Amino acid sequence: MKIIKEIKISDNGFVFNSNTGDSFSLNSTGLELIQLISQEKEIEEIKEVFTTRFDLDELTFEKDFYEFCSLLKLHGIIARESTSEFN
Amino acid sequence: MKKQEITLAVSGLNNTDNPGPGVPFIRGLKESEEFDVRVIGLVYENLEPGIYMEDLCSRIFQVPYPSSGSDDLIERIEDIHRQENIDVLVPNFDAELYSFMKNEERLLKQGIHTFLPTFQQFQEREKHRLPEFGKKYGIKVPASLNLGSLGQITELEDKFDYPVMVKGQFYDAYLATNKEQVKQAFMNISAKWGFPVIAQEFVSGTEVNVVALGDGQGNTVAAVPMRKQYTTDKGKAWGGITLADEKMMHLTRSLIKQTHWRGGMELELIKTQTGEYYLIEINPRIPAWVYLAVGAGQNIPEALVKLALGMEVKPMHTYKIGKMFVRYSYDMIVDLEKFAAISMNKEI
């Protein structure tokens, strides 16, 4: 899963797609998630980070993670063809 | 380096909620590192805001509408030229372009340089010829039907599903969702802009635009793509942002290469959900948001003036992505004398 190269992520959670002109605001959790995805971390690594830090079971994490990824896909933030794993 | 002194005549000083490109064009030229510009403002109405803006124009002249005849307009320009010695003339309205294209040689003989599209370029991109244009240059365009009478609405309904865009040949566009709205739009537009009225298939997606400059030899001298972020009720951009869109750039370069476009242009495109681009309009002049291109690193007004003067211009390939413009309105307090002078003397 790859964030497309036109996406710029600011430290304050502002996400800008320079190809479409769309912009989005993320809260601190969303920002951390997208930063980990942009570093091309595997889902297992991201899950480890989140389940260790928060009172969160694996199933809930996965559900929220894939929902977040679906939103990223919907808004063209991750390449559409690279996301078949959560279609 | 000493700047070259030039006298520039510009129209389109109507910085209203439907702004002309004159004021941003002048602003770009005033930032030129090569030209020291003395500006002659050409206006049609005595309340065009550019008349009253401080430090914008050295002189202002009212000129007759092109509809009163090309000769009247050109003779007025020649009269102004005798007083002010114009080096470059930049017309900024679609409706006046025909008169200036027709008289390009006549003006040049007197030392007034222009840089305008050819008649063929101007005519083949007209809205009612867009389907042929798309076919000729391999660009997707919405299907359309030229309406000369209300009786053709049945034909329209056979061809398209609602909604449809109903457009005037020069200006105005309405979204119509049923027969009654098509009729209303047809009546409004034909009364103002004549025939044909163009009914265009509605293409759903995001409107994106490109401001570009062609050198007349097939080269793209400048091009900056933009998405409107905020529009007025007339659909005019009130805020916009530059994009990194290689497809739009490729489309622009391909079009300029094939048409050998000469002068400024604005491409209006719809980008669909599936990433296809439909050309909905080509404006044969620089748009009012041109200062965004200047701010993003491409001084298109300066490049256009250089081309008009026969100077070499190197193509500009880069611009800053994510640069925005935000328009605003501003109340100027002006003295009655200025209004009286332009109203009575037709010049300031």
Fewest to most neighbouring Cβ within 10 Å: what's the order for B:ARG106, B:ARG262, A:ARG53?
-> A:ARG53, B:ARG106, B:ARG262
With +1 at each Lys and Arg Cβ and -1 at each Asp and Glu Cβ, the charge dipole magnitude of chain B around its Cα centre, to the nearest 20 debye, comes out at 840
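How large is the Kirkwood hydrodynamic radius of segment A:7-86, counting all unique pairs of alpha carbons, in Å?
Numbers: mean 1/r = 0.0758 Å⁻¹.
Taking every pair of different Cα atoms in segment A:7-86, averaging 1/r and inverting gives 13.2 Å.
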Can you tell which of B:THR272, B:THR252, B:THR154 shows the greatest fluctuation in a Gaussian network model of chain B with Cα springs below 10 Å?
-> B:THR154
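Any chance you could tell me what percent of the C-alpha pair distances in segment B:1-105 go past 16 Å? Present the calculation step by step, with values, prior to reporting the outcome.
On the way: 3026 of 5460 pairs.
That fraction is 55 percent.
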Under a GNM of chain B (C-alpha, springs under 10 Å), which listed residue has the highest mean-square fluctuation: B:GLY69, B:GLY218, B:GLY295?
-> B:GLY69
Which pairs break 30 Å Cα to Cα here: A:LYS5/B:LYS228; B:LYS192/B:LYS306; B:LYS2/B:LYS102?
-> B:LYS192/B:LYS306; B:LYS2/B:LYS102
Across 10 Å bins beginning at 0, the whole-percent shares of Cα-Cα pair distances in the protein assembly as shown come to 4, 19, 26, 23, 15, 8, 4, 1, 0
When chain B is modelled as a GNM with alpha-carbon springs shorter than 10 Å, which of B:GLY205, B:GLY275, B:GLY22 fluctuates the most?
-> B:GLY275
Two pseudo-spin positions, 7 Å from Cα along C-beta at B:SER204 and at A:LYS2, lie apart in nanometres by 3.1
Segment B:305-316 - phi-based ³J(HN,Hα) in whole Hz, Karplus 6.51/-1.76/1.60, Gly and Pro as x | 5, 4, 4, 4, 8, x, 8, 6, 10, 7, x, 9
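Please work out how much length the chain gains when fully extended from B:LYS257 to B:MET311, using 0.36 nm per residue of separation minus the C-alpha to C-alpha distance, in nm with one decimal.
Numbers: separation 54, 0.36 × 54 = 19.44 nm, distance 2.01 nm.
Once the chain is fully extended between B:LYS257 and B:MET311, it gains 17.4 nm.
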Please report, in Å, the Rg and the Dmax of chain B, where both are computed over Cα atoms only.
-> 20.2, 65
Under a plain spin-label model, where a point goes 7 Å from the Cα along Cα-to-Cβ, how far apart in nm are B:LYS102 and B:ASP79?
-> 1.9
Determine one quarter of the surface area of the Cα convex hull of segment B:130-280, which equals its mean projected area, and express it in nm² to one decimal.
-> 9.3
Compute the Kirkwood hydrodynamic radius of segment B:143-201, taking the inverse of the mean of 1/r over all pairs of distinct Cα atoms, and give it in Å to one decimal.
-> 10.8
Euclidean distance of C-alpha centroids, segment B:84-156 and segment B:22-45, integer Å | 23
Could you tell me which of rounded, prolate or oblate describes segment B:204-326, using a ≥ b ≥ c as the square roots of the eigenvalues of the alpha-carbon gyration tensor, with rounded for a/c under 1.5 and, failing that, prolate when a/b is larger than b/c and oblate otherwise?
-> prolate
Could I have the simple spin-label model distance between B:ASP71 and B:GLU268, label points 7 Å from Cα toward Cβ, reported in nm to one decimal?
-> 3.5
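Compute the Cα gyration tensor for segment A:1-45, then decide on rounded, prolate or oblate, letting a ≥ b ≥ c be the square roots of its eigenvalues: rounded whenever a/c is under 1.5, prolate when a/b is larger than b/c in the other cases, and oblate in all that remain.
Values: a/c = 2.77, a/b = 1.36, b/c = 2.04.
Taking the square roots of the gyration eigenvalues as a ≥ b ≥ c, segment A:1-45 is oblate.
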What percent does the relative contact order of chain B come to when contacts are Cα pairs within less than 8 Å and at least six residues apart?
-> 18
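Where a number appears in this text, it was derived from the coordinates with a stated rule and is not lab data. What you see is a predicted model, and the numbers here were worked out from it, not measured in a lab. Heads up, the Cβs are rebuilt from the backbone with ideal geometry, glycines too, and the neighbour counts pull from every protein chain shown.
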